[in-house]
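For reference, the structure discussed in these notes is given below.
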Amino acid sequence: MCGIVGYVGKNQAAPILLEGLEKLEYRGYDSAGIAVRNGEDDTVIVKAMGRLKKLANKTDQGKAVKGTCGIGHTRWATHGEPSELNAHPHCSDDMNVVGVHNGIIENFQELRQKLAHHDYHFYSDTDTEVAIKLIDYYYKKYAGTPVDAINHALVRIRGSYALAVMFKEYPGEIYVARKDNPMILGKSDAGVFLGSDVPAILKYTRRVYYIGNMELGRLTSEGITFYNLDGDEIKKEETEIEWDAESADKCGYAHFMMKEIHEQPKAITETMKQYFDGSKVDFSTLEKNGAIEEAGGEKINAVLKGLERIYIVACGSAYHAGVVGKNVIEGMTDVPVEVDLASEFRYCDPKLMKNSIVVVISQSGETADSLAAMRLAHDRGIPTLAIVNVFGSTIAREADYVMYTCAGPEIAVATTKAYSAQLITLYLLAIKIGELTGTLDDDRIKELMTALEQIPNSIEKILDDKERIQWFAAKYASAQDVFFIGRGIDYAIGLEGSLKMKEISYIHSEAYAAGELKHGTISLIEKDTLVIGIMTQPDLFEKTRSNMVEVKSRGAYLFGLTTYGNYSVEDTVDFAVYVPRTLECFAASLAIIPLQLLGYYLAVAKGEDVDKPRNLAKSVTVE
Ligand code: AGP
């Protein structure tokens, strides 16, 4: 989705803006632009279609645009086709107001008509141009401050936004506002920064502020002043970001995705460390309503102890983690778990049981559907627990309880380390519920925790043998259709493996519960169709293997993924991949690694843009 940046301070703004936009490239975009002010002089706006490189070339890497105050934007088209005209920044006709926006203004047609009655003309198809001109309209109508004008406009706007705006009469100042779209503000001795996401500003500062929903900020080189919708000043706490600048760099890897695949052992170790006291799962550092609960986790423990049902809601890979989570929680406890796609959950009028909890999983903490699903749970009085990677994100701030996955910034659009950290978090949750509800005794907990601690090491071993997957990917890069089959946890692994493959290599792939093949899908199997069978679950091994035999007899080429020891698979499959043994409930954490590598190497072999696949955005902040 769109990315916004801003800077006001002692240095030239344009190079900083371009650098910030580059760090937000992973969010997905089709055009980009910057607007820079040089003191009292008019604002210079430069835009370009396509990759940021074009914008950088157009501005001589930013050197051709002078000024110490500016805003920038990468656009992921929603209203209006991708074009230079529709690219941001947008401005009022007399350049009185210039701004960038991330989000969707739902009533923009109605507002556009209103403005047209007041002699406003429109040069683009965007909702953003309407928002900027609405601010201009109120600024002139009431002759008040920029804060007044923005507040008047926000009262009329329906939808979501992260807005950054400059006013002609206020050089050296940027005004920001947000509702349901991410924005982070940072401060250093060199000035004040804004970005949609932490990586945009991490190089310059780790001292940040989170601006709340329907709040405004005034940025000057001296600092930031916050306001509420009434225009009253409000105070905000400065927060220190723990991520370091290197974590948002490729550090010698060809792609962020490969770097992040290799960071999985660390992401898992860090996540586990946070909720494991050496012998048991410990929730005393789990956040309640944005702060570590003083009672040391008593409240969440009480909720978990009385649970009669768990609802897991999420999108994409986070949903796939949820499907693994359902299997694991139901395997360790007597609590039934329902997993829903957030986009369905929010509109299906879910019948939520009283003693339940809604677990929302999200890497970004900003996914619009997941956020809406969580708000629905709140409205119905059901406690919510968010499993989130981005500190201070909207979902993290609005959830009743938060478990952070400590994966660090994830830049590649295709998630790997955040997914792995989500799995670990779900295992810990399962163990805790098992302990609290009495289905797991101390010995079993010890056995589970010992197995969990070995996972990072086992992942290292799988990564050591990645060249074998690379070789296979080079051979199969021309595949058209690929099928993943498995049962139970293996099916859940297939869902994620299939998504990894299709989202970056553009090879069509589907995951099926192995028992479903005969109900239709098997008609798609032809000579040499690649079928990837996942067989990590001892009780289901023979069942899935016989499903593989069925497709082999119809011509399929078989890739078998199993654990060391199941060598009988070699009689059946054409290509066998083994992962180290672990307890079967944790097999997803190991079996997913070769499938991530496969998706990655297929994309590389096909010459695709691994980290920024077409049409996709890292953080999906619109419905
Ligand atoms: C996975 O590789 C995708 N990038 C996507 O499915 C992602 O998991 C989904 O959009 C959910 O994002 P979130 O975790 O930030 O909520």
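The values are calculated or read from the model by the stated rules, or taken from the named source; none is laboratory data. These numbers were taken from a predicted model, which means no experiment stands behind them. Cβ sites come from the backbone with ideal geometry, for glycine too, and all protein chains shown count toward neighbours.
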* Structure fact -> Checked against (1) modelled with pLDDT of 95 or more; (2) part of a loop (DSSP other than H, G, I, E, B), G392 satisfies every condition except (1)
* Going through the stretch 73-90 one residue at a time, which ones are of a type in the set (A, V, I, L, M, F, W, C), surrounded by 20 or more Cβ atoms within 10 Å (Cβ to Cβ) and more than 13 Å from V46 (Cβ to Cβ)? -> W76
* Give just the number: which of (1) crowded, with 24+ Cβ neighbours inside 10 Å; (2) within 25 Å of V8 (Cα to Cα); (3) at pLDDT below 95 does D127 not satisfy? => (2)
* Asked: When you scan the stretch 541-562, how many residues do you find that are at pLDDT below 95 and under 18 Å from L590 (Cα atoms)?
  -> 1
* **Residues of the stretch 239-258 that turn out to be modelled with pLDDT under 90, of a type in the set (A, V, I, L, M) and part of a loop (DSSP other than H, G, I, E, B), as a count** => 1
* In the stretch 1-17, what count of residues is obtained for those that are surrounded by 24 or more Cβ atoms within 10 Å (Cβ to Cβ) and of a type outside the set (G, A, S)? -> 8
* For the stretch 310-352, enumerate the residues that are among the charged types (D, E, K, R), in contact (Cβ under 8 Å) with a residue 12 or more places away in the chain and within 16 Å of L495 (Cβ to Cβ). => K326, D340
* Selection within the stretch 476-513 - in a loop (DSSP other than H, G, I, E, B) and hydroxyl-bearing (S, T, Y) -> S478, Y506
* Structure fact -> All conditions in (1) outside the structural domain of M501 (by TED's automatic domain parsing); (2) in a helix (DSSP H, G or I) are true of A473 except (1)
* To do: Give the stretch 382-415 a look and list any residue that's polar (S, T, N, Q) and near the ligand (Cβ under 8 Å from one of its atoms), or say none.
  => N389, T415
* Structure fact -> When the stretch 58-72 is checked residue by residue, the ones that are in contact with a strand residue (DSSP E or B) (Cβ under 8 Å, 6 or more places away or on another chain) and surrounded by fewer than 19 Cβ atoms within 10 Å (Cβ to Cβ) are K58, K66
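Considering only the stretch 359-381, state which residues are assigned to a loop (DSSP other than H, G, I, E, B), within 9 Å of the ligand (Cβ to nearest atom) and modelled with pLDDT of 95 or more.
We begin by selecting, within the stretch 359-381, every residue assigned to a loop (DSSP other than H, G, I, E, B); these are 363-367, 380-381.
Then keep just the ones that are within 9 Å of the ligand (Cβ to nearest atom); that gives 363-367.
Matches in the stretch 359-381: Q363 only.
Can you tell me how many residues in the stretch 435-470 are of a type outside the set (A, V, I, L, M), assigned to a helix (DSSP H, G or I) and in contact with a Pro (Cβ under 9 Å, 6 or more places away or on another chain)?
Qualifying residue count, the stretch 435-470: 8.
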* Qualifying positions in the stretch 259-311 - among the hydrophobic types (A, V, I, L, M, F, W, C) and part of a strand (DSSP E or B) -> F276, V281, A291, I292, I310
* If we scan the stretch 340-358, do we find a residue that is of a type in the set (S, T, N, Q) and in a loop (DSSP other than H, G, I, E, B)? -> yes
* For D340, are the conditions met, namely being within 16 Å of the ligand (Cβ to nearest atom) and surrounded by fewer than 23 Cβ atoms within 10 Å (Cβ to Cβ)? -> yes
* Asked: Which condition breaks for D464 when tested against (1) buried (at least 22 other Cβ atoms within 10 Å of the Cβ); (2) away from the ligand (no atom under 13 Å from the Cβ); (3) not basic (K, R)?
  -> (1)
* Asked: Which ones in the stretch 442-457 are under 15 Å from G331 (Cβ atoms) and either basic (K, R) or over 30 Å from the mean Cα position of the chain (by Cα) (or both)?
  -> R444, I445, E447
* Structure fact -> Screening V328, V313 for residues that are of a type outside the set (D, E, K, R) and within 12 Å of the ligand (Cβ to nearest atom) leaves only V313
* **Filter result (within 24 Å of the chain's Cα centre (by Cα) and in a loop (DSSP other than H, G, I, E, B)) within the stretch 328-339** => none
